[in-house]
Amino acid sequence: MRMTKMLVPTSKEIPNEATLPSHIYLIRGGFIQSVGGSGLYNFLPLGKRVLDRIAKVVKEELDMAGCQEVSLSFVTPSSLWEESGRFEKYGKELLRFKDRKENDFVLGPTHEEMMVNLVRQSVRSYKELPLNLYQINLKFRDEIRPRFGLMRGREFVMKDGYSFHISHEDMKREFDLMEETYKKIFTRLGLAFRVVEADSGAIGGSGSKEFMVLARSGEDTIVVCESCEYGANIEAAISKPTETQSEPPQAKFAKFHTPDTKTIEALSAFFHVDPFYLIKTVAKRALYDDGVSKIVLFALRGSDTLQEVKACNAVNANDLIDVSEEELEAIGLVAGYMGPTVVVEGVSVVYDNGLRDAKALICGANEKDFHFVGISLVGVEAIFSDLRAVQEGERCNCCGGRLTYTKGIEVGHIFQLGTRYSKPLGANFLDENGKSVPMVMGTYGIGVSRLLAAIIEQHHDENGCVWSKASAPFELYILISNVKDEAQIALAESLYTAMREIGVEVLLDDRKDRFGAKMNDYELLGIPYAVVIGKKLSEGVVECIMRKGLIKEDVASDAIIDYLKVRLLSC
Ligand code: ATP
Ligand code: MG
């Protein structure tokens, strides 16, 4: 392809609101174009080439693992979502609309219902299972804050796969196969990543893993062990239970006057007691289907922090939101002095597992300026759950090693779903005894368009993109320094033809522009290799550039083809 024929609207200007290198370079390099600044993007020719190359790697590895590609309708009848019970649950991210006949539809944010519907119509017997079907297609999520370009768009390209099995064991086998397949995909794309334990979110089911591209700009916090392989999203991470060396406060049960002690710090200073022995009570409003909501008090040690995703899962809510002091007051709760032991009508209490059978505790008396001391939870029957966020420096639950935080971009997510969708949607098969039973499912996603951004977050420098071999829009860039120089043109043209003949994807920069401008564009576009045909050609020399590290080397012009063959055709 020739630059003079290709639409590559490069720009020096940093787009509005773009802070991440991937967002800036993908727009400045003319890979993508924002549509109205609201999480919608057009892919221009270069961006489409990268997207296709990434999709090709994904497809090749999945096909090799025995998966079959299909393509499902993006517009989805909402009746399927009602059957699964997700129509309400999914919340505002689900874009709902009506057609001219007043039928309800949604734009698929994920396609479990659609795929189950496909399979329930076409599979009858155990003999037709297992099946692993996938598509690489558009998704729409009306994200509350679309941002960072392709990283969190509203419309985006996802590979979504779904597997169907006769047993849990067989689904687990496929889940492990998908983990291995995903590792191959991300390795081929040249990414440094980590597989971590994950929260299963609204999709339900248990046993899920995320594939995190390690990058400072990642939106996810992941907890990793310095000594073993353990890694988990903070939303699912666990550690050894926290302990303290300090003495428990010795006190019989009593109500104590504790003026101006609205915070854990103030209370700890007031009693000279380690926050470990204080109960932190956090009130949230839990939101459910059909506009139903309730106030929940989450109680944990004062030294711990509430992990909201865990808290939300503990009460099976769709979401948790903050509650104002006035709202609390209206139902008889006193902000700053709440405690889990006070019974308030309509308010549920969930304790963190770390408080199970704990004693010598202090908690709010639900009365301004008063706390209870000498609280014991030994033998108390209540709802206990894992609510706390793992902190850096805590000990790994697997090996005792030190846990640290790192940042990751979620590019893949695999779930063991079980019968969460097959049961309500009636996707049954006849087993060997002729009995009708629900299929056991797994589901597997990859953020294909997010991968463009993730690759650049990991591979860029101050001048632009540095595409990995498998994702680059072209393999070679031939830059003619002076398009008025016949000899330069002649060599460029013959090299362009020769390289294309051996299957190398080449972009020929034959524009009339200044050399400096063309060089800047080369660096911005990030194609792995360039040949610069310039003044030195009169001495029989051209310059080869490796984009990674901008390593330059003079090569004899008559040896250039062999030189490039070695660089480009070796794996
Ligand atoms: P996130 O936690 O980042 O919102 P998710 O857990 O909701 O993602 P999944 O339902 O697991 O996403 O979707 C599968 C994959 O699709 C994700 O691993 C991610 O790579 C990609 N993805 C999800 N949401 C978006 C989005 N808004 N824009 C681009 N890619 C996305
Ligand atoms: Mg996910």
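The values are calculated or read from the model by the stated rules, or taken from the named source; none is laboratory data. Since we're looking at a predicted model, the values are computed, not measured. Cβ coordinates were reconstructed from backbone atoms using ideal geometry, including for glycine residues, and neighbour counts include every protein chain displayed. Please note that ligands, DNA and RNA were not included when accessible areas were found on the heavy atoms of the full protein model with its side chains. Shrake-Rupley method; radii C 1.70, N 1.55, O 1.52, S 1.80 Å.
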May I ask you to list the residues in the range 134-175 that are among the hydrophobic types (A, V, I, L, M, F, W, C), open to solvent by less than 10 Å² (accessible area, probe 1.4 Å) and away from ligand 1 (no atom under 16 Å from the Cβ)? PHE164, MET171
Filter result for SER246 (at pLDDT below 95, among the small types (Gly, Ala, Ser), more than 16 Å from ligand 2 (Cβ to nearest atom) and over 25 Å from VAL58 (Cβ atoms)): yes
Could you grab me the full set of residues in the range 246-283 that are in a helix (DSSP H, G or I) and touching a residue at least 40 places away in the same chain (Cβ under 8 Å)? LEU267, PHE271, TYR277
Here is a check on your reading of the model: is ASN117 open to solvent by less than 50 Å² (accessible area, probe 1.4 Å), more than 16 Å from ligand 1 (Cβ to nearest atom) and either touching a strand residue (DSSP E or B) at 6+ places or on another chain (Cβ under 8 Å) or in contact (Cβ under 8 Å) with a residue 60 or more places away in the chain (or both)? yes
Find the residue count for the range 455-504, including only residues that are within 30 Å of THR19 (Cβ to Cβ) and charged (D, E, K, R). 4
Of ASP260, ASP274, which residue is more than 28 Å from ASN313 (Cα to Cα), acidic (Asp, Glu) and within 40 Å of the chain's Cα centre (by Cα)? ASP274
Within the range 318-336, take every residue that is part of a helix (DSSP H, G or I) and of a type in the set (A, V, I, L, M) and give me the one that is nearest to ASP369 (Cα to Cα). LEU328
Within 16 Å of ligand 2 (Cβ to nearest atom), in contact with a helix residue (DSSP H, G or I) (Cβ under 9 Å, 6 or more places away or on another chain) and not basic (Lys, Arg), is that true of ASP199? yes
For residues in the range 147-161 being away from ligand 2 (no atom under 15 Å from the Cβ) and assigned to a helix (DSSP H, G or I), which is farthest from SER422 (Cα to Cα)? GLY149
For the range 519-535, which positions are free of Cβ contacts under 8 Å to residues at least 60 places away in the same chain and either in contact with a Lys or Arg (Cβ under 7 Å, 6 or more places away or on another chain) or under 21 Å from GLU486 (Cα atoms) (or both)? MET519, TYR529, ALA530, VAL531, VAL532, ILE533, GLY534, LYS535
The helices (runs of 4 or more DSSP H) lying entirely within the range 429-534 that contain at least 3 residues which are among the hydroxyl-bearing types (Ser, Thr, Tyr) and open to solvent by 10 Å² or more (accessible area, probe 1.4 Å) are 486-501
Scan (1) within 21 Å of the chain's Cα centre (by Cα); (2) modelled with pLDDT of 95 or more for the single condition GLU93 breaks and write down its number. (2)
Looking at GLY408, GLY418, which is the one that is over 30 Å from SER22 (Cα atoms) and buried (at least 16 other Cβ atoms within 10 Å of the Cβ)? GLY418
Matching residues in the range 352-381 - criterion: being aliphatic (A, V, I, L, M) and out of contact with any Pro (no Cβ under 8 Å at 6 or more places or on another chain): LEU355, ALA358, LEU361, ALA365, ILE375, LEU377, VAL378, VAL380
Take the conditions farther than 15 Å from PRO340 by Cα and at pLDDT 95 or above and apply them to SER268. Does it pass? yes
Unmet requirement for PHE415, which otherwise passes all of (1) hydrophobic (A, V, I, L, M, F, W, C); (2) within 16 Å of ligand 1 (Cβ to nearest atom); (3) without any contact (Cβ under 8 Å) to a residue 60 or more places away in the chain: (3)
ILE234 - would you say it is within 24 Å of ASN353 (Cβ to Cβ) and crowded, with 22+ Cβ neighbours inside 10 Å? no
Could you check how many residues of the range 203-214 are more than 10 Å from ligand 2 (Cβ to nearest atom) and modelled with pLDDT under 90? 4
Of the conditions (1) polar (S, T, N, Q); (2) within 16 Å of ligand 2 (Cβ to nearest atom); (3) part of a strand (DSSP E or B), ASN366 clears all except one; give me its number. (2)
Going by what's in this entry, would ARG53 be described as of a type outside the set (A, V, I, L, M) and within 16 Å of ligand 1 (Cβ to nearest atom)? no
Residues being loosely packed, with under 14 Cβ neighbours inside 10 Å and touching a Lys or Arg at 6+ places or on another chain (Cβ under 6 Å): count how many of those fall in the range 342-367. 0
